[in-house]
Amino acid sequence: MKNGYHVAVVGATGAVGTKMIEMLETTTLPIASLKLLASKRSAGQVRTFRGAELVIEELVPASFEGVDIALFSAGGSISEAFAPEAVKRGAVVIDNTSHFRMDPTVPLVVPEVNEKALRQHQGIIANPNCSTIQMVVALEPIRQAYGLRRIIVSTYQAVSGAGAKAMTELKEQAQTFLDGTPATELSAAILPSGGDKKHYPIAFNALPQIDLFAEDGYTYEEWKMINETKKIMADTALSVVATCVRIPVLTGHSESVYLETVESGATVADVQSLLAQAPGVTLVDDPSQQSYPQALFAVDQKDTFVGRVRQDVDVENGFHMWVVADNLLKGAAWNSVQIAESLHKLDLVRIN
């Protein structure tokens, strides 16, 4: 590596792609060049990176010639079609979609939790679901010290997780309501899931559905959290269940997490101490001062914020906590760039 890596961002005009570019501005990853790729419709647009103007190029297989690391965030069908093309040309792909996550040959990585899994990559690395990422970052220090037996999580997820159009719809619905339209009469075209039969307003509402429903009554978002957590923590015996809810917040996912440890004896102070020292975690937990994590103040922050740590009133080795993170950063763009930094640290990138 003479002057750094040749990096590409696929989906450069999207919400996550834009954040990836921002994260690359200050990354410790040595970058020799950055290539921005998107659809033919977006080609020709200009973005600024480290003071230079970069023209967005149309994504084609040949785009990856000479690329060392490719960050993907343009939808599962794009990753399915183009990630193998990038690998074929020598690039390492870090994919932010769900397409490769449960592929047994593809590492699913959160650097604070399972960085060593990167050593098994065969050209593609998957970035987990945004809700999964922040939860496992908060749970890992506890798992390392006391083991984990059970996790029950309820999420309160921002509309940015459903894309820019969902954010626009929330704003328009809120304004329409303030202009006098009853909340029950607000028009909706996107949430809870663009591909489902019915759509409901998100403004002044809470929707207990993210993604489509599977036949068992759980949504695919809930199954993502269940299956991805077990894969990341390499523990198929771990009990995990999730209820995922969309709320009228623009950015920043919140989670109520209940956990049971394998070993007994941990106190609230012990758990707080572990969290306070954990990489990527900021402990915000002083009820006497009404100090706890809030989605509003997590926006544009890279860390995962944890507070409201309490021991369960009936289960000795049971604890509750409140976990918050910026879903576009730690939940997507920042975790992807962290993976790239880890690849560099571990010398796992072949230079073209």
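The values are calculated or read from the model by the stated rules, or taken from the named source; none is laboratory data. All values derive from a computational prediction rather than experimental measurement. A quick note on method: Cβ atoms are made from the backbone with ideal geometry, for glycine too, and the neighbour counts reach across all protein chains shown. Remember, those area values only see protein heavy atoms, side chains included, never the ligands or the DNA or RNA. Shrake-Rupley method; radii C 1.70, N 1.55, O 1.52, S 1.80 Å.
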Any pair with Cβ under 6 angstrom, 6 or more apart, that starts in the range 122-138 at a residue that is of a type in the set (S, T, N, Q) and ends at one that is open to solvent by 10 Å² or more (accessible area, probe 1.4 Å) = Gln122/Thr105; Asn127/Asn96; Asn129/Lys224
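Among Leu274, Leu259, Leu250, Leu296, which is the only one that is on the phi < 0 side of the Ramachandran plot, open to solvent by less than 60 Å² (accessible area, probe 1.4 Å) and not in a strand (DSSP E or B)? Lay out the reasoning, then the answer.
Working: Leu259 fails: not in a strand (DSSP E or B); Leu250 fails: open to solvent by less than 60 Å² (accessible area, probe 1.4 Å); Leu296 fails: open to solvent by less than 60 Å² (accessible area, probe 1.4 Å).
Step by step, each of Leu274, Leu259, Leu250, Leu296 is checked, and only Leu274 is on the phi < 0 side of the Ramachandran plot, open to solvent by less than 60 Å² (accessible area, probe 1.4 Å) and not in a strand (DSSP E or B).
From Ser256, Ser154, Ser193, grab the single residue that is farther than 21 Å from Val110 by Cα, among the polar types (S, T, N, Q) and at pLDDT 95 or above. I'd like the intermediate steps shown before the answer.
On the way: Ser256 fails: farther than 21 Å from Val110 by Cα; Ser154 fails: farther than 21 Å from Val110 by Cα.
Answer to the selection: Ser193.
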ask   = From the set of residues in the range 147-183 that are touching a Pro at 6+ places or on another chain (Cβ under 8 Å) and not small (Gly, Ala, Ser), which is surrounded by the fewest Cβ atoms within 10 Å (Cβ to Cβ)?
value = Gln173
inquiry  = Name the single residue that is farthest from Ala74 (Cα to Cα) among those in the range 283-293 being free of Cβ contacts under 8 Å to residues at least 12 places away in the same chain and either in a helix (DSSP H, G or I) or aromatic (Phe, Trp, Tyr) (or both).
reply    = Ser288
note = If we ask which residues in the range 91-104 are open to solvent by 40 Å² or more (accessible area, probe 1.4 Å) and either under 23 Å from Ile351 (Cβ atoms) or of a type in the set (Lys, Arg) (or both), their number turns out to be 0
message = Lys230 - would you say it is assigned to a loop (DSSP other than H, G, I, E, B), open to solvent by 50 Å² or more (accessible area, probe 1.4 Å) and on the phi < 0 side of the Ramachandran plot?
response = no
key: Counted residues, the range 81-105 - those being under 20 Å from the mean Cα position of the chain (by Cα) and aromatic (Phe, Trp, Tyr)   = 1
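Could you list, in sequence order, the residues of the range 301-334 that are of a type in the set (Asp, Glu) and either part of a strand (DSSP E or B) or open to solvent by 40 Å² or more (accessible area, probe 1.4 Å) (or both)? Full working, then the answer.
At the first step, the residues of the range 301-334 found to be of a type in the set (Asp, Glu) are 303, 312, 314, 316, 326.
Result: Asp303, Asp314, Glu316.
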inquiry  = Against the condition out of contact with any Asp or Glu (no Cβ under 7 Å at 6 or more places or on another chain), in a helix (DSSP H, G or I) and within 24 Å of Gly163 (Cβ to Cβ), how does Ala269 come out, does it pass?
reply    = no
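Lys198: within 20 Å of Pro128 (Cβ to Cβ), out of contact with any helix residue (DSSP H, G or I) (no Cβ under 6 Å at 6 or more places or on another chain) and either assigned to a loop (DSSP other than H, G, I, E, B) or of a type outside the set (A, V, I, L, M, F, W, C) (or both), yes or no? So that I can check it myself, show each step before the final result.
Numbers: within 20 Å of Pro128 (Cβ to Cβ): no; out of contact with any helix residue (DSSP H, G or I) (no Cβ under 6 Å at 6 or more places or on another chain): yes; either assigned to a loop (DSSP other than H, G, I, E, B) or of a type outside the set (A, V, I, L, M, F, W, C) (or both): yes.
No; evaluated as a whole, the condition is false for this residue.
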query = Do the conditions hold for Gln144, that is, is it outside the structural domain of Gly252 (by the TED database), surrounded by fewer than 16 Cβ atoms within 10 Å (Cβ to Cβ), within 30 Å of Leu274 (Cα to Cα) and not charged (D, E, K, R)?
reply = no
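Only one of Val110, Val87 is surrounded by 24 or more Cβ atoms within 10 Å (Cβ to Cβ) and either in contact with an Asp or Glu (Cβ under 9 Å, 6 or more places away or on another chain) or of a type outside the set (D, E, K, R) (or both); which?
Working: Val87 fails: surrounded by 24 or more Cβ atoms within 10 Å (Cβ to Cβ).
Answer to the selection: Val110.
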key: Selection within the range 84-97 - in contact (Cβ under 8 Å) with a residue 60 or more places away in the chain and closer than 13 Å to Ala74 by Cβ   = Ala86, Ile94, Asn96
